[in-house]
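The values are calculated or read from the model by the stated rules, or taken from the named source; none is laboratory data. Keep in mind it's a predicted model, so treat the numbers as computed, not measured. Quick reminder, even Gly has a Cβ in these numbers, built from the backbone with ideal geometry, and neighbours come from all protein chains shown.
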Amino acid sequence: MGVSGAGRTAGAATGRATGTATESAAGAAAGRASVLAVDAGNSKTDVAVIGADGSVLGTARGGGFQPPVVGIEAAIDTLAVAVAEAASAAGLPEQGFAEHVSACLANADLPVEERELAEAVQARGWGRTTDVRNDTFAILRAGLPSGEAPRGVAVVCGAGINCVGMLPDGRTARFPAIGRISGDWGGGSGLAEEALWFAARAEDGRGGPTELVRTLPGHFGLRSMYELIEALHRGRLPFERRHELTPVLFATGAAGDPVARSIVDRLAEEVVAMATVALGKLDLLDEEVPVLLGGSVLAARHPQLDRRIVELLAAKAPKAVIEVVTAPPVLGAALLGLDHVRADAEAHARLGAHYARQEDPRPR
């Protein structure tokens, strides 16, 4: 683990828990930080302790956050290790050191899950108030101007796919984004499975030809799709390694394979479908508004995917401005925290400047 020192919603509420109410100024006088920011993805967690003036007092990085696998309390225990190290780096005690906890967490997919996680985080006593949001909100806020009220839409495509939108009055647009049962298609894992499906059918004759028959097993040093299927089924290739096939899919498409290209085009359609629905829910389809793209798949800047997203979105929301977010998501969690405590524009700017030097897209 690395360590360094230094609103209201409509349509889907965030999880919120409150201790004794107090003003940020009183907290500063008592030697507390203003915000404890947490961005917890499936693979890693970033924590930052933020002063009232937007300065970064301490940071830490910990393990992935997976409450569906280990349970809520065990998942919060993982956060607690990183929180303790960040507090120590800031020269603060492990409890009661922050006015507000702003936690953007993977697997907080439904409002009920956000509320449950907010209660669990609040019970740890790190801050006087707590907001928990899905981690996609961190990408959105990180990509928006730091000194302005949040207004825009973000689509994140990493291991999975998700989309959220926010308005200055606190209204949000979002999707359950828990997989196929909630209507989702795409994400790195989904793309790999789709590529495997087409390649398997091409090899056994049920489907048309595709270079994926050669490139997918070749990535693992195997000679055929049958060998790859057997290796995955028998566990000789761990399930986690399927994600390695997503870049192979894009490379095969870039080389001209029609099947691979069709999968990439479909992902562009899904990204734009989510973005336009979110824009519509917030009455932003005809507005000049940021549409932010994040996550490992979208941040990789695949030319075919980028071009198709631009083309499709221009037809649905011609004034939308597409930007790729490369700022660390913990910045977004921290900015949401500063929004909550009504920090001034100078504090927002100071925080943004700190993280401007640390842009680092990571798998979600």
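Taking segment 185-224, which residues are aliphatic (A, V, I, L, M) and either closer than 15 Å to CYS157 by Cα or in a loop (DSSP other than H, G, I, E, B) (or both)?
LEU191, ALA192, LEU222
Looking at (1) surrounded by 14 or more Cβ atoms within 10 Å (Cβ to Cβ); (2) at pLDDT 95 or above, which is the one condition that is false for THR326?
(2)
Report yes if ARG266 is of a type in the set (Lys, Arg), closer than 26 Å to VAL330 by Cα and either surrounded by fewer than 24 Cβ atoms within 10 Å (Cβ to Cβ) or touching a Gly at 6+ places or on another chain (Cβ under 6 Å) (or both), otherwise no.
no
Pull up segment 20-47, narrow it to residues that are out of contact with any Pro (no Cβ under 9 Å at 6 or more places or on another chain) and at pLDDT 95 or above, then point me to the one that is farthest from GLU85 (Cα to Cα).
SER34
Yes or no: segment 165-184 includes at least one residue that is in a loop (DSSP other than H, G, I, E, B), more than 17 Å from ALA278 (Cα to Cα) and modelled with pLDDT of 95 or more.
The answer is no, given that none of the residues of segment 165-184 is in a loop (DSSP other than H, G, I, E, B), more than 17 Å from ALA278 (Cα to Cα) and modelled with pLDDT of 95 or more.
For segment 271-289, give me each residue that is part of a helix (DSSP H, G or I) and crowded, with 21+ Cβ neighbours inside 10 Å.
Matches in segment 271-289: VAL271, VAL272, MET274, ALA275, THR276, ALA278, LEU279.
Is there a residue being farther than 30 Å from ALA315 by Cβ and among the aromatic types (Phe, Trp, Tyr) anywhere in segment 240-252?
The answer is no, given that none of the residues of segment 240-252 is farther than 30 Å from ALA315 by Cβ and among the aromatic types (Phe, Trp, Tyr).
Looking at segment 311-339 only, could you name the residues that are out of contact with any helix residue (DSSP H, G or I) (no Cβ under 9 Å at 6 or more places or on another chain), in a helix (DSSP H, G or I) and not assigned by TED's automatic domain parsing to the domain that holds GLY54?
Correct list: ALA314 only.
THR129 fails exactly one of the following numbered conditions: (1) of a type in the set (Val, Ile, Thr); (2) crowded, with 18+ Cβ neighbours inside 10 Å; (3) under 21 Å from the mean Cα position of the chain (by Cα); (4) farther than 18 Å from PRO329 by Cα. What is the number of that condition?
Exception for THR129: condition (3).
Restricting to segment 28-73, name every residue that is within 25 Å of ARG241 (Cβ to Cβ) and part of a helix (DSSP H, G or I).
Passing the criteria: PRO67, PRO68, VAL69, VAL70.
Pick from ARG124, ARG151, ARG115: which is of a type in the set (Lys, Arg), in contact with a strand residue (DSSP E or B) (Cβ under 6 Å, 6 or more places away or on another chain) and either within 30 Å of ASP53 (Cα to Cα) or surrounded by 23 or more Cβ atoms within 10 Å (Cβ to Cβ) (or both)?
Matching residue, one of ARG124, ARG151, ARG115: ARG115.
Is it the case that ALA86 is closer than 19 Å to LYS44 by Cα, crowded, with 21+ Cβ neighbours inside 10 Å, modelled with pLDDT under 95 and not assigned by TED's automatic domain parsing to the domain that holds GLY295?
In short, no.
Does segment 107-135 hold any residues that are in contact with a helix residue (DSSP H, G or I) (Cβ under 9 Å, 6 or more places away or on another chain) and either in a loop (DSSP other than H, G, I, E, B) or hydroxyl-bearing (Ser, Thr, Tyr) (or both), and which are they?
ASN107, ALA108, ASP109, ALA123, ARG124, TRP126, THR129, THR130, ASP135
Just checking, does segment 142-150 include any residue being touching a helix residue (DSSP H, G or I) at 6+ places or on another chain (Cβ under 7 Å), modelled with pLDDT of 95 or more and under 18 Å from SER43 (Cα atoms)?
Scanning segment 142-150, I find no residue that is touching a helix residue (DSSP H, G or I) at 6+ places or on another chain (Cβ under 7 Å), modelled with pLDDT of 95 or more and under 18 Å from SER43 (Cα atoms), so the answer is no.
Got at least one residue in segment 209-216 being closer than 22 Å to HIS302 by Cα, exposed (fewer than 15 other Cβ atoms within 10 Å of the Cβ) and hydrophobic (A, V, I, L, M, F, W, C)?
no
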